[in-house]
Amino acid sequence: QAAKQCSSLIPLCHPLMLSSVDVQLQLNNEQHCVEIQARCKVSGQTGVEMEALTAVSVAALTIYDMCKAVDKDMVIGDICLQEKEGGRSGHYKRLESV
């Protein structure tokens, strides 16, 4: 739902008709963290990176809210764009994974 609300949360973001939003959470036991990935798709000629970043951010805040009674030292960090296809700027892929 967060990806769909991006235009009401972030100034200058225009509303998009998203065709799909997929949010995946992976527990990383070695680093004691939850890795969150969001993929958004739209049929038009515009990028959806802000929608994906918003979905990840709200998912992280949701986890924080659910776990804050157990651990208030949690840190939300390293939210970044990994890959983007389409839109005006074309294809982008981060060289180093965060």
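What's the lysine pair count for the chain at a Cα cut-off below 21 Å, pairs eight or more apart or interchain?
Close lysine pairs found across the chain: 5.
Residue separation times 0.36 nm, minus the C-alpha to C-alpha distance between Leu9 and Glu85: what's the value?
Going from the current span to full extension adds 25.0 nm.
Compare Leu81, Leu12, Leu61 in a GNM of the chain, Cα atoms joined below 10 Å, and give the one with the largest fluctuation.
Leu12
Take Met74 and Cys33, extend 7 Å from each Cα along the Cα→Cβ direction, and tell me the distance between the two endpoints in nm.
According to this spin-label approximation, the distance is 1.4 nm.
Once R0 is set to 22 Å, what does the formula 1/(1 + (r/R0)^6) return for the Cβ-Cβ distance between Leu25 and Gln45, expressed as a FRET efficiency to the nearest 0.05?
0.15
What are the extents of the Cα atoms of the chain along their three principal axes, in Å, largest first?
Computed over the Cα atoms, the extents are 43, 31, 21 Å.
Take the alpha-carbon centre of segment 1-43, take the same for segment 52-68, and report the distance between them in whole Å.
Value for the Cα centre distance between the two parts: 10 Å.
Under a 1.4 Å probe, what is the accessible area of the chain per residue, stated in Å²?
With the other protein chains kept in place, the chain gives 78 Å² per residue.
The values are calculated or read from the model by the stated rules, or taken from the named source; none is laboratory data. Just so you know, these numbers come straight off a predicted model, no measurement behind them. Here Cβ is always computed from backbone atoms with ideal geometry, including for glycine, and neighbour counts include all displayed protein chains. Only protein heavy atoms, including side chains, enter the accessible area calculation; ligands, DNA and RNA are left aside. Shrake-Rupley method; radii C 1.70, N 1.55, O 1.52, S 1.80 Å.
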